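Undergrad: I am attaching a structure below and will ask some questions about it afterwards.
The values are calculated or read from the model by the stated rules, or taken from the named source; none is laboratory data. Just so it is clear, the model here is predicted, and its values are computed rather than measured. Note: ideal-geometry Cβ built from the backbone for every residue, glycine included; neighbour counts use all protein chains shown.
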């Protein structure tokens, strides 16, 4: 048995502790001569994350320090660092240390504009803090402050103030003296009430009061006329005041409170996003829908909603709607008219008439279900009334003109006039015998968002259809079309275009002008090529679904593989040999990867 030669460890053992607190001398040494010279030259000093327990004394005297004691004057030497060119200290960063107190000498920094003290161990501020008359930006986040000295409210030049993650239980009415504030963050404290003086902060643009113990808001908070963002989430609020005076407010976050009903939003014409999740709201009122027609986001999940109003269809600009975990057992028919919805969530309700696979199938599937239901119910109503044309009351209620499967060759202009008066959003003329697009369609151009003309005998689309500029869905499938007019390129809001089952030999040039197009269905035609050039398909950067199945395509350009924004690409039933059927069967991602690998280098 061989014996190993013992090796001596190279690890040096010392008795010094790994973690240690700096004393005052060590803290003072952090302020080196080089830092002082730089601060005097630039007016900025950063001692961020230096492990300081105290502030070096020379920090407060830095404006009086003379670094160059040379008596001889050298005129050839640069005067870049000389005392007569020094700047007073305007920015001081002491953040991310362990500083427990600020001495009274802080008053010596009379020119200070920005003071960063976040992430320290401060439990109080000295009264002399109020003598920093030029202070504009102050961060005190993540300290241990329980109160603010009365002199603090003399900082009347403050524009930006952040005191989040402290232990403040009270702020004085004098807070209203800080009238220059545009940003205020008081989140993650222990505030139970706000003083009435808050209404004097009329320049505030962003106010964060989240994660406190507030049970109500002061009435004069509606005086904050410039406020754009208000965060009052994670409090104990039971009621919100009428918000109408906050005319510039764009975002309201009131998640995780005890709110029982929606406040009055009449006058909040700029409001785009409302977050009211985890409250006790039982109803979305008709007045709310009437007032919030410009809303983009409504999150009202985890509440007690039992019903939605029929006029929810007025929220035409709504893009995200979260109704998860409520008590809904039915949905209004007009919910399917929200044509701009990109996300709708309804899990956790008692919707017995909607299958779970539809609820969990995503926004597109849910919206298709809702739109189909509108069509079916309108058809049934029309049959029950046994009327030739839907009356104005039916049109007003459904906001849709549905005349499917009637064998119509003509639709009178007065029918479209009634539809225009009822502000209908959907016109469905599918499964008829129309030889042309009825001229009356353009009467509804101000509100029309969906036009369905499939399964007719239409051979030509009139250029006047381009005046329906709000169109988002256009179905021209199963007709006799060979081209589309160039003017249709003006439909800049169009998101889905169906031209399947026609006689197109190429994708019409106007399609490439539709910059917001997301879905293009052109199956069952005679298209012979895929144009991926920079002035063709490459312009449709939002295109997610492209169906060119069952055409006459002879070859697939490899550059199509660069269209990584495509989620679904259908090419089955064409004449090309590559990609092979086995590749196509693997799905869109595999096809795009295959094509990318064949792009010439």
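Undergrad: Please work out if residue 330 is touching a strand residue (DSSP E or B) at 6+ places or on another chain (Cβ under 8 Å), loosely packed, with under 15 Cβ neighbours inside 10 Å, outside the structural domain of residue 424 (by TED's automatic domain parsing) and in a loop (DSSP other than H, G, I, E, B). Working first, answer last.
TA: Details: touching a strand residue (DSSP E or B) at 6+ places or on another chain (Cβ under 8 Å): yes; loosely packed, with under 15 Cβ neighbours inside 10 Å: yes; outside the structural domain of residue 424 (by TED's automatic domain parsing): yes; in a loop (DSSP other than H, G, I, E, B): yes.
Yes.
Undergrad: For residue 194, state whether it is outside the structural domain of residue 107 (by TED's automatic domain parsing), without any contact (Cβ under 8 Å) to a residue 60 or more places away in the chain and surrounded by 20 or more Cβ atoms within 10 Å (Cβ to Cβ).
TA: Working: outside the structural domain of residue 107 (by TED's automatic domain parsing): yes; without any contact (Cβ under 8 Å) to a residue 60 or more places away in the chain: yes; surrounded by 20 or more Cβ atoms within 10 Å (Cβ to Cβ): yes.
In short, yes.
Undergrad: Still on this structure, please answer the following. Give segment 266-280 a look and list any residue that's buried (at least 21 other Cβ atoms within 10 Å of the Cβ) and over 20 Å from residue 211 (Cα atoms), or say none.
TA: If the condition is that a residue be buried (at least 21 other Cβ atoms within 10 Å of the Cβ) and over 20 Å from residue 211 (Cα atoms), then 268, 271 are the ones that fit.
Undergrad: Can I ask one more? For a quick check of your reading: which strands (runs of 3 or more DSSP E) sit entirely within segment 212-317 and have at least 3 residues that are farther than 23 Å from residue 183 by Cα and out of contact with any helix residue (DSSP H, G or I) (no Cβ under 8 Å at 6 or more places or on another chain)? Talk me through it step by step, then tell me what you get.
TA: On the way: elements: 229-231, 251-253, 273-275, 297-299.
Output list reads 297-299.
Undergrad: Suppose the filter is within 31 Å of the chain's Cα centre (by Cα) and assigned to a loop (DSSP other than H, G, I, E, B); does residue 543 pass it?
TA: On the way: within 31 Å of the chain's Cα centre (by Cα): yes; assigned to a loop (DSSP other than H, G, I, E, B): yes.
So residue 543 fits the description; yes.
Undergrad: Condition (residue is part of a loop (DSSP other than H, G, I, E, B) and touching a strand residue (DSSP E or B) at 6+ places or on another chain (Cβ under 7 Å)) applied to segment 521-535: is it met by at least one residue? Explain how you work it out, then say what you get.
TA: Our first condition is that a residue be part of a loop (DSSP other than H, G, I, E, B); within segment 521-535, this holds for 522-535.
If we keep only those that are touching a strand residue (DSSP E or B) at 6+ places or on another chain (Cβ under 7 Å) as well, we get 522-523.
Checking segment 521-535: at least one residue is part of a loop (DSSP other than H, G, I, E, B) and touching a strand residue (DSSP E or B) at 6+ places or on another chain (Cβ under 7 Å).
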